[in-house]
Amino acid sequence: MGRARPPGALLSAAAMKLLKIKATRFSQVIENCGKPQVYTLWQKPTADRHLQAEIKKNRVVTILKSESGTDFGIVGFKESKEARYLIFPKSLKRFAEKRIVGIDWALVHE
């Protein structure tokens, strides 16, 4: 019916969207917004008043793993079992539409 495509030729919509997003280095985010702290969810995010306040101030980064296993971050809160969350001392608005790469866990306060 149609042409045969090589394996891996089809990318998911999410993967295509991530390819179009510009990237920024984690060290640059720390330089502009300060050193983050790891945030652990001990209750439902909607019931966590501290987390909700930080989300409204644009200070939360969600850390996810790519298909290749490397960590990357996105500004904002995206609930996922595999995700880790960082809270920065300053707003991350200028990085809102960027993928944060090169995450160095040595630069993070535990």
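The numbers here are math on the coordinates, done by the rules we state, and not lab data. Source: prediction; values computed, not measured. Using ideal geometry, Cβ is built from the backbone for each residue, glycine included, and neighbour counts are taken over all protein chains shown.
Screening R49 on (1) surrounded by 15 or more Cβ atoms within 10 Å (Cβ to Cβ); (2) of a type outside the set (V, I, T); (3) without any contact (Cβ under 8 Å) to a residue 12 or more places away in the chain shows it passes everything except condition (1). When the range 29-46 is filtered for residues that are surrounded by 15 or more Cβ atoms within 10 Å (Cβ to Cβ) and assigned to a helix (DSSP H, G or I), the ones remaining, listed by number, are V29, I30, C33. Checking each residue in the range 82-107 for being within 17 Å of E54 (Cα to Cα) and touching a Lys or Arg at 6+ places or on another chain (Cβ under 8 Å) picks out I87, F88, P89, K90, S91, L92. For the range 84-110, filtered to residues that are surrounded by 14 or more Cβ atoms within 10 Å (Cβ to Cβ) and of a type in the set (G, A, S), the residue that is farthest from P36 (Cα to Cα) is G102.
Among the residues of the range 72-83, is any without any contact (Cβ under 8 Å) to a residue 24 or more places away in the chain and under 19 Å from I30 (Cα atoms)?
Checking the range 72-83: at least one residue is without any contact (Cβ under 8 Å) to a residue 24 or more places away in the chain and under 19 Å from I30 (Cα atoms).
Of the residues making up the range 64-99, those that are of a type in the set (K, R), touching a strand residue (DSSP E or B) at 6+ places or on another chain (Cβ under 8 Å) and more than 26 Å from A47 (Cβ to Cβ) are K65, K98, R99.
Within the range 52-83, being part of a loop (DSSP other than H, G, I, E, B), crowded, with 16+ Cβ neighbours inside 10 Å and among the polar types (S, T, N, Q) holds for one residue alone: N58.
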